[in-house]
Amino acid sequence: MLGKLLTELGLPAPTRAFTDLFNSEILRETSYDVDSLHNFVSSNLPQLVSDLKTAFDVVVDAVQNNRGGGIVLLGCARRKILER
């Protein structure tokens, strides 16, 4: 089944162009109110406990410095941050 077209499997082909779907998804994912997000972070960041603040800082640093890889948060009561 992998790599086959839907029509090869007896299913109807989508009627919408893939590029239209892709572009609408990109638009949806990038259409956000920057001022609203800034206000949210500004008001909630001081309320984070130290381990969550550390996790936030690690993620923000990775994004701002265009570092690839993954970040895994482990644990519930005690969190451990692993970077790759």
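Data for the structure
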item	result
Cβ-Cβ under 7 Å pairs, at least 6 apart or on other chains, the stretch 34-47 side free of Cβ contacts under 8 Å to residues at least 24 places away in the same chain, far side surrounded by 11 or more Cβ atoms within 10 Å (Cβ to Cβ) and of a type in the set (Asp, Glu)	none
Pairs, first more than 19 Å from Asp51 (Cβ to Cβ) in the stretch 63-79, second at pLDDT 80 or above, C-beta under 9 Å, six or more apart	Arg67/Asp61; Gly68/Ala62; Gly69/Ala62
Residue within the stretch 9-25 that is surrounded by fewer than 10 Cβ atoms within 10 Å (Cβ to Cβ), assigned to a helix (DSSP H, G or I) and at pLDDT 85 or above present	yes
Test: residue in the stretch 39-58 that is surrounded by 10 or more Cβ atoms within 10 Å (Cβ to Cβ), in a helix (DSSP H, G or I) and in contact with a strand residue (DSSP E or B) (Cβ under 6 Å, 6 or more places away or on another chain)	yes
Enumeration of residues in the stretch 41-61 that are small (Gly, Ala, Ser) and at pLDDT below 90	Ser50, Ala55
Index of the failed condition, Asp33 passing every other in (1) modelled with pLDDT under 85; (2) surrounded by fewer than 10 Cβ atoms within 10 Å (Cβ to Cβ)	(1)
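The values are calculated or read from the model by the stated rules, or taken from the named source; none is laboratory data. Everything quoted here is computed from the prediction, not taken from an experiment. Quick reminder, even Gly has a Cβ in these numbers, built from the backbone with ideal geometry, and neighbours come from all protein chains shown.
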